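First comes the structure, then the notes that go with it.
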Amino acid sequence: GVPRARGAAPPPPLAASTGLPFLLVELSSLAALGRSRGVPSAFEALAAGGAATLLPPKVLAYVRLDGGEAARLELRARMHRADGSEDAGTGSANCALAGLLASLDGTPPGLVRARVMQGVEMGRPSELLAEAERKGAGAGAEAVGR
């Protein structure tokens with residue numbers, strides 16, 4: 001959604017949902033995405049501390065490949081599950097991601113299209129297409145994934 005200056009830090013991890021909750025984490029590079037892993041012991045430690053109900057059991061790590069254009073997003077993603085496994089293509093998470101990016105403050109009203117490549121690192125590439133519409137101005141404006 002929001003164009004960022006070169007070298008600017010990604011936004012903090014955010015929870016989003018299209019019915020199922022996901023933790024969406026923007027990473028700074030394809031190298032960082034390649035190094036990302038689901039770590040069952042980290043999920044277990046959070047659950048033991050009572051955070052299991054607060055933390056979605058799936059993390060979608062993503063990188064922007066597009067240079068930040070608001071209306072057309074090119075992304076690469078990996079879906080890590082709490083059990084350490086990975087999903088090659090997660091449509092619901094990527095719809096939530098498109099909606100989240102469309103809703104960020106600074107994104108102009110209108111249609112946002114996202115093309116997400118997921119599963120590349122595990123050898124099962126999937127292309128996912130998502131759209132979200134920003135209905136108005138201001139942070140948290142309504143965005144609807146399709």
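The values are calculated or read from the model by the stated rules, or taken from the named source; none is laboratory data. Quick caveat: nothing in here was measured; it's all calculated off a predicted structure. All Cβ positions, even for glycine, are placed from backbone atoms using ideal geometry, and neighbour counts span all protein chains on display. Surface areas here come from the heavy atoms of the whole protein model, side chains and all, with no ligands, DNA or RNA. Shrake-Rupley method; radii C 1.70, N 1.55, O 1.52, S 1.80 Å.
Here are the numbers for this structure:
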{"read-out": "Test: residue in segment 121-130 that is aliphatic (A, V, I, L, M), at pLDDT 90 or above, open to solvent by 50 Å² or more (accessible area, probe 1.4 Å) and farther than 16 Å from Pro11 by Cβ", "value": "yes"}
{"read-out": "Phe22, sole failed condition from (1) closer than 17 Å to Asp83 by Cα; (2) open to solvent by 80 Å² or more (accessible area, probe 1.4 Å); (3) modelled with pLDDT of 85 or more", "value": "(2)"}
{"read-out": "Condition check for Gly110: on the phi > 0 side of the Ramachandran plot and at pLDDT below 90", "value": "yes"}
{"read-out": "All positions within segment 91-118 that are free of Cβ contacts under 8 Å to residues at least 40 places away in the same chain and surrounded by 15 or more Cβ atoms within 10 Å (Cβ to Cβ)", "value": "Gly91, Asn94"}
{"read-out": "Filter result (surrounded by 16 or more Cβ atoms within 10 Å (Cβ to Cβ), modelled with pLDDT under 90 and over 21 Å from Gly19 (Cβ atoms)) within segment 65-90", "value": "Ala70, Leu73"}
{"read-out": "Residue in segment 39-58 that is at pLDDT 85 or above, open to solvent by 40 Å² or more (accessible area, probe 1.4 Å), closer than 20 Å to Leu128 by Cβ and in contact with a strand residue (DSSP E or B) (Cβ under 6 Å, 6 or more places away or on another chain) present", "value": "yes"}
